[in-house]
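These notes are about the structure you will find just below.
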């Protein structure tokens, strides 16, 4: 098992990608701390982990609130004494398909707060635990639109910020044997996107992307989770500061 005896925190763990990451980590031996604002979804993920023979716990936290993020990491340190892996998956896009002249300050703020600021705060608190133990694996969630997008201005800005921050953290934490990398998926089939778009728009988008991606399909949560697992494992101990595109060849 690649993560045997490791303590791993997954934020946004009740979502489509976050839950896949949490389950995958548990399958490889990690004790997984399931963190989200969604209690029911978190309980479902933990049940799935335990049903599969894994171990874990739920620690709810609202990543929009700094005090809750700080309290989350303090609780981890108190109850487990260490943290080996952080997968900062929490994120959202509340301003999709908006023209540049209609950018909303409030929606922009929410995109940046959830997708970027929560990542920065989580990494800050994780580093306080990982630096003294001289070990850590941090996996952040960016997106292929960190390169830019004509439909997701503030989301792409937030994910571009995650990419830059990830590289900065990698430069700062390498001396402590801590790797910091980011995942940059293309379109992934998750309920959040499907519910926002509705069945017809989702199918149209899925077909369009599948026809343009060289591998001929959109991503699945497990595709992202498998990459997160690799980066969280010691197999990736000489990989840091990288933004790994999980895209089926999109934008080649």
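Things worth noting here:
- Tally, over the range 46-76, of residues that are more than 30 Å from residue 157 (Cα to Cα) and surrounded by 14 or more Cβ atoms within 10 Å (Cβ to Cβ): 9
- Residue 43 farther than 28 Å from residue 131 by Cβ, in contact with a strand residue (DSSP E or B) (Cβ under 9 Å, 6 or more places away or on another chain) and not in a loop (DSSP other than H, G, I, E, B): yes
- Test: residue in the range 107-114 that is assigned to a helix (DSSP H, G or I), touching a residue at least 24 places away in the same chain (Cβ under 8 Å), within 25 Å of residue 26 (Cβ to Cβ) and within 19 Å of the chain's Cα centre (by Cα): yes
- Residue that is touching a residue at least 24 places away in the same chain (Cβ under 8 Å), over 18 Å from residue 191 (Cα atoms) and in contact with a strand residue (DSSP E or B) (Cβ under 9 Å, 6 or more places away or on another chain), where the choices are 64, 60: 60
- Filter result for residue 87 (within 28 Å of residue 205 (Cβ to Cβ) and in a strand (DSSP E or B)): yes
- Helices (runs of 4 or more DSSP H) fully within the range 139-220 counting 2 or more residues that are closer than 21 Å to residue 8 by Cα and at pLDDT 95 or above: 153-173
- A single entry from 136, 161 fulfils the requirement of being out of contact with any strand residue (DSSP E or B) (no Cβ under 7 Å at 6 or more places or on another chain) and in contact (Cβ under 8 Å) with a residue 12 or more places away in the chain: 161.
- Residue within the range 13-28 that is more than 20 Å from residue 228 (Cα to Cα) and in contact with a strand residue (DSSP E or B) (Cβ under 9 Å, 6 or more places away or on another chain) present: no
- Every residue from the range 6-40 that is assigned to a helix (DSSP H, G or I) and surrounded by 18 or more Cβ atoms within 10 Å (Cβ to Cβ): 16, 17, 18, 19, 20, 21, 22, 23, 24, 25, 26, 27
- Taking the range 80-117 as the range and being in contact with a strand residue (DSSP E or B) (Cβ under 7 Å, 6 or more places away or on another chain) and buried (at least 23 other Cβ atoms within 10 Å of the Cβ) as the test, the residues that pass are 83, 85, 86, 87, 88, 89, 90, 91.
The values are calculated or read from the model by the stated rules, or taken from the named source; none is laboratory data. None of these values were measured; they are calculated from a predicted model. Cβ atoms come from the backbone with ideal geometry, glycine included; neighbour counts cover every protein chain shown.
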